[in-house]
Amino acid sequence: MSIDLRQFHASFFSESLEGLDATEANLLRLEGGERSPELLNAIFRAIHSIKGAAGSLGFPQIGRFTHEFENVLDDLRKGRFEADPEAVDIMLACVDHVRYSLRAAQQEKPHDPGKDDALLGRLAELRNGHGKEPERENATPEAGGAGRYRIRFRPAPGFFASGNDVVKLFRVLDGMGTLAAKADLSALPEEGFDPEKCYLAWALDLETERAREEIADVFGWVEDDCELEIEGGGPAAASKDRSAPALPPASAGAAPAAPQAPERRGGDRRKADRRTGSRRSDDFDPLLQPRSDLLHVGRAKLDGLMNAVGELVITKTILKQILSQLPADASGRFDEALQELEHRARELQDSVMSIRMQPMSFAFGRFPRLVRDLCQASGKLVQLRVSGEASELDSTVIEKLVDPLTHLVRNALDHGIEPPAERVAAGKMETATLSLHAEHRGGNIEIVVADDGRGINRERVRAKAVELGLVGPQDPVGEEQAHDLIFSPGFSTAERLNELSGRGVGLDVVRKNVSALNGTIKVESEPGRGTRFVIRLPLTLAIVDGMRVAVADESYILPLASIVECVRPGAGAVRSIAQHGDVLEIRGEYLPLVSLGKLFGAPAAGPDRGIAVVLEADGERMALLVDALLGQEQVVIKTLEANYRKIPCVAGATILGEGRVVLILDVGALVRSVESPQYQN
Amino acid sequence: MQTLQAAGEAAQAGREYLSFVLGDAQYCIDILKVQEIRTYEQPTRIANTPAFIKGVINLRGNIVPIVDLRVKFGLAESRYDSQTVVIVLNIARRTIGVVVDGVSDVMSVPASEIKPPPELSGGLDTKYLQGLATVNGQMLILIDIEKLMTSRDMAIVDEAAAAE
C-alpha cells in the first residue's frame with residue numbers, strides 16, 4: 001500500500017515559498033555586511049529543508065538543484081568563500097529559480113532543466129573560483145554522523161527566578177535525538193526547603209546528529225544561570241578547533257573559575273537574538289514557539305467560514321424580526337436569548353475577521369529586493385525605510401495592494417529619485433531615501449510611499465496635460481490640479497519608456513485599484529524636496545457600515561464613510577445648467593446633483609421631494625438625489641464578480657435580513673462618472 | 001488526443017440532457033452543467049444591463065445572476081407564473097440562473113441522432129447550437145450552454161475573466 005504524497009504538497013509549497021522569502025531577506029542582510037553564524041545557518045537550513053522535502057515528496061529535480069545550492073551555502077557558512085555582491089546575486093538568482101520551479105511544480109507544469117544547469121554552472125564557479133582561504137574555519141562543526149554527548153547541567157539556585165524552565169530545555173534536547181536524563185538530588189536540603197530555589201542538577205545523555213554548537217545553543221539563554229559542561233560528540237565535531245573567540249566554548253557555563261568569558265558570551269548571544277527577534281523564523285532560539293503553532297489554512301476555507309458567519313448574522317436579524325411580531329408576553333425570554341445570540345455572533349464575527357488580518361509586512365516584504373534590483377539597474381542609490389509593517393489589514397486587501405504599491409515604488413525610483421550626481425549637484429545627500437509606512441487611523445489604514453527626490457514638476461505635468469487635451473493651452477494649472485492630473489489615463493511624464501516603470505501602466509491604474517478597495521489616494525509634492533503618496537483604505541473589504549436609501553421601490557446601500565451630509569433641497573437650491581445637468585447649492589457651494597433614479601432607470605421623486613446625500617470620494621464631492629433614507633445598517637459585502645461581472649457604479653451586493661439582495665454603490669465611481677460626462681446617461 | 005477519443009466514446013454512448021420549454025420549442029442542455037432547478041423569485045434589478053439580465057438573487061448566501069433566455073431569444077412574451085422555473089447552472093466556475101417556461105425531462109440523446117443545425121433566423125446564433133435531434137418523434141434543439149453563457153453577447157463574464 002502506498003501513501004498518497006499529494007496530501008502533503010500544499011503545505012510543502014507554502015512552507016517552502018515562505019522559506020524562500022525569508023532566505024531572500026537573509027541574503028540581502030548578508031549583502032548588507034552582516035556575517036553572524038545564525039544568519040548563515042538560517043540561509044543554509046531553509047534551503048536544506050526544501051531539499052529534504054522536495055526529495056521525499058517526489059520533486060527530484062528541485063531536490064537535485066537545492067542539493068547543489070545547499071552545498072554552496074554550506075561552503076559559505078564555513079567561510080570557504082566570501083559573500084561579495086556577485087555571489088549574493090547568483091544566490092538570489094538561485095532563490096528565484098527554486099521559487100519558479102516550485103510554482104511550476106505547484107501548477108503541475110514540467111520542470112525546465114536548462115535553467116538548472118546554467119545556474120548550477122555559476123554555483124560551481126562560485127565554489128571554485130572564489131577559492132579563498134577559509135575565513136572562519138571554526139564556524140560550524142560538521143554534523144558528522146550520530147554523536148553521543150554527556151551534558152552536565154547544574155542550574156544556579158536562582159534559576160527559576162528569571163523565568164527559566166528546565167523542562168522546556170529538555171524537550172528541545174529530546175527533539176534533537178535520544179535523550180536520557182538523570183537527576184542529581186544530592187543538593188536537596190534536609191530542612192529549610194525553599195520551593196522557589198533550584199536544588200537539582202542533571203546528567204543528560206544525548207544521542208544526536210546535531211553539532212555541539214546547536215546543543216550549546218539550547219542553553220544559550222540560561223548559560224549565565226547555570227553550570228554547563230558538554231562532552232563528547234561526533235568524530236567531526238571532536239576534531240574541530242574550538243579555540244577561536246567567536247565560538248561558544250564547549251563549556252559555556254558560568255563556572256565561577258572563568259566568570260568573564262561566559263558573561264561576555266551571554267551578552268553577545270542575547271544581542272544577537274534580539275537582532276533577529278523580529279523575524280518569524282524559529283531557527284535560532286529553540287525556546288521560541290514551535291512552528292506547529294501556526295496553521296496553514298486555505299483561503300477558500302476561511303472565506304467559507306466568513307460567509308457562514310455572514311449568514312448567521314442574517315439569520316439572527318430574521319429571528320429578531322419574527323420576535324418583534326410576537327405578543328409581548330411570549331417574547332420576554334426569547335428576547336434575552338436573542339440578545340445573547342447577538343453578542344456571540346458579534347464575537348464570532350470579530351474573531352473570524354481577525355483571522356483574515358495579516359501584518360502589512362506581507363506586502364512590504366518584497367520591496368527591499370525590488371529596490372535593490374532597481375537600484376542596480378539604474379545606478380541610483382536608495383535607502384529603503386520601512387515602518388509600521390506590523391499594522392494589520394485584511395489579507396485580501398493586502399493582496400490587492402501589492403500591485404499598486406509596487407507601481408508607486410517603481411515610479412518613485414524611476415521618476416522621483418534623481419541619479420546620485422544630480423542629487424549632489426542639488427546639494428542633497430547622494431543616497432536617496434524611500435520610505436514605506438503603514439499606520440492605523442480610526443477604521444482605516446493609511447499607507448505612505450514617500451521619496452526625497454525631485455518632486456512633481458508642475459510645468460511638465462501641464463505640458464503633458466495640454467498635449468493630451470486635458471486642459472487648454474492657456475489654462476492655468478494649480479498645484480492641486482497638477483497633482484490630480486497625474487492620475488489621468490495615459491499620463492506619464494517620463495521622457496522615454498524604460499524597463500523600470502514603463503510598462504504602459506500609469507497612476508490611473510493605481511487609483512483604480514485603490515478605489516476598487518474602497519480607498520482613496522492623494523499625492524503631496526514639493527519641487528526639489530520629494531513626493532508623498534498617501535493611500536487610505538478601510539481595514540476590511542468584508543463589512544461596511546452603510547446607509548440604506550430608497551429610490552422608487554428599490555433600495556441601495558451607500559457606504560457611511562463617504563457620506564458627508566444629507567439635506568432636503570429647499571426651493572431654488574437646485575438649478576439646471578445647460579449641458580452640465582443639475583447643481584445643488586449648499587451654503588454658497590455648487591455641487592453636481594445626480595438623481596439615483598435617473599442614473600439607474602427607476603421612477604424616482606423629483607428634486608423637490610427627495611433627499612440629497614452629499615458624497616465625497618478622492619477629494620471630490622457630489623450630491624446624489626434619493627427618495628428617502630431607510631436607516632443605517634452594517635452589511636456584509638458580497639462580490640458580484642464571483643458569478644457575474646463588475647457593474648459600473650456598484651461596489652458589490654449584500655443580503656438583507658429577509659434574504660433580499662441589495663446593491664452597494666461605489667461612491668468613487670459615482671463621483672468620477674459625474675466628472676467625466678461621457679459616462680452620464 | 002486521449003480526451004478527444006474519450007469524448008467521442010461518451011458521445012457514442014449518448015449523453016444525458018435536460019430538456020426545457022421556451023415558447024413553443026423544446027431545448028436541451030447538458031445535464032452535467034445543471035446544479036438545481038428552482039421556482040422563479042423576483043430578483044434584484046441591476047441598472048444599465050441588457051433586458052435579458054433580470055437581476056441577481058440570493059442563493060444560499062451567494063449572489064447569482066438571473067438570465068431570461070426567452071428575452072434573449074426574442075420570444076414574444078415572457079410570463080412569470082407558477083410554471084416559470086429557474087435552471088441553476090454551473091458554468092466556468094460560476095453559478096448562473098436561467099429562466100425558462102418549464103422543465104420537461106431528462107433524456108439520453110445518442111450522438112448518432114444529433115444532426116448539424118440549419119441556419120436559423122431569429123434570436124439564437126447557430127454557433128451556440130450543438131445540433132438538432134429527434135427523440136420520440138419530437139425535435140430538440142441542443143444548446144451549447146457553456147459557450148452561450150460565456151459569450152461576449154451575454155456579457156455575463158468580464159472579458160478579462162473570459163480570456164483566462
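B:ILE53 passes every criterion in (1) touching a residue at least 60 places away in the same chain (Cβ under 8 Å); (2) surrounded by fewer than 20 Cβ atoms within 10 Å (Cβ to Cβ) apart from (2). If you filter the stretch B:75-92 down to residues that are within 14 Å of chain A (Cβ to nearest Cβ) and at pLDDT 85 or above, you find that the one that is nearest to B:ALA25 (Cα to Cα) is B:VAL86.
State the number of residues belonging to the stretch B:44-53 that are farther than 13 Å from B:MET154 by Cβ and at pLDDT 90 or above.
Of the residues in that region, 3 qualify.
Condition check ((1) under 14 Å from the mean Cα position of the chain (by Cα); (2) more than 27 Å from A:ILE90 (Cβ to Cβ); (3) assigned to a loop (DSSP other than H, G, I, E, B)) across all residues:
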position: A:MET353; (1), (2), (3): no, yes, no
position: A:GLN358; (1), (2), (3): yes, yes, no
position: A:VAL371; (1), (2), (3): no, no, no
position: A:ALA390; (1), (2), (3): yes, yes, yes
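Scanning the stretch A:178-237 for residues that are exposed (fewer than 14 other Cβ atoms within 10 Å of the Cβ) and either hydrophobic (A, V, I, L, M, F, W, C) or over 19 Å from A:PRO157 (Cα atoms) (or both) returns A:THR178, A:ALA180, A:ALA183, A:LEU185, A:ALA187, A:LEU188, A:PHE193, A:GLU209, A:GLU231, A:PRO235. How many residues are in contact with a Leu (Cβ under 6 Å, 6 or more places away or on another chain) and farther than 27 Å from A:ALA216 by Cβ when one looks only at the stretch A:25-83? Of the residues in that region, 3 qualify.
In the stretch B:36-50, of all residues being surrounded by 20 or more Cβ atoms within 10 Å (Cβ to Cβ) and touching a Leu at 6+ places or on another chain (Cβ under 9 Å), the one that is farthest from the other protein chains (Cβ to nearest Cβ) corresponds to B:ILE46.
Is at least one residue of the stretch A:534-554 exposed (fewer than 14 other Cβ atoms within 10 Å of the Cβ), farther than 23 Å from A:LEU629 by Cα and touching a Pro at 6+ places or on another chain (Cβ under 9 Å)? Checked against the condition, which is being exposed (fewer than 14 other Cβ atoms within 10 Å of the Cβ), farther than 23 Å from A:LEU629 by Cα and touching a Pro at 6+ places or on another chain (Cβ under 9 Å), the stretch A:534-554 yields no hits at all. Screening B:VAL64 with (1) in a loop (DSSP other than H, G, I, E, B); (2) under 30 Å from A:THR654 (Cβ atoms); (3) not small (Gly, Ala, Ser) gives one miss only, at (1). Can you confirm whether the stretch B:137-147 contains a residue that is buried (at least 22 other Cβ atoms within 10 Å of the Cβ) and within 14 Å of chain A (Cβ to nearest Cβ)? Checked against the condition, which is being buried (at least 22 other Cβ atoms within 10 Å of the Cβ) and within 14 Å of chain A (Cβ to nearest Cβ), the stretch B:137-147 yields no hits at all. The set of residues from the stretch A:611-649 being more than 14 Å from every other protein chain (Cβ to nearest Cβ), at pLDDT 85 or above and either part of a loop (DSSP other than H, G, I, E, B) or on the phi > 0 side of the Ramachandran plot (or both) comprises A:ASP627, A:GLY631.
Conditions (1) over 28 Å from the mean Cα position of the chain (by Cα); (2) touching a residue at least 40 places away in the same chain (Cβ under 8 Å); (3) closer than 23 Å to A:SER14 by Cβ, marked per residue:
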{"position": "A:LEU76", "(1), (2), (3)": "yes, no, no"}
{"position": "A:PHE81", "(1), (2), (3)": "yes, yes, no"}
{"position": "A:CYS94", "(1), (2), (3)": "no, no, yes"}
{"position": "A:SER101", "(1), (2), (3)": "no, yes, yes"}
{"position": "A:ALA105", "(1), (2), (3)": "no, yes, yes"}
{"position": "A:ASP117", "(1), (2), (3)": "yes, no, no"}
{"position": "A:LEU126", "(1), (2), (3)": "yes, yes, no"}
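The values are calculated or read from the model by the stated rules, or taken from the named source; none is laboratory data. Fair warning: this is a prediction, and the values are worked out from it, not measured in the lab. Neighbour counts are summed over all protein chains in view; Cβ atoms, including those assigned to glycine, are modelled from backbone coordinates with ideal geometry.
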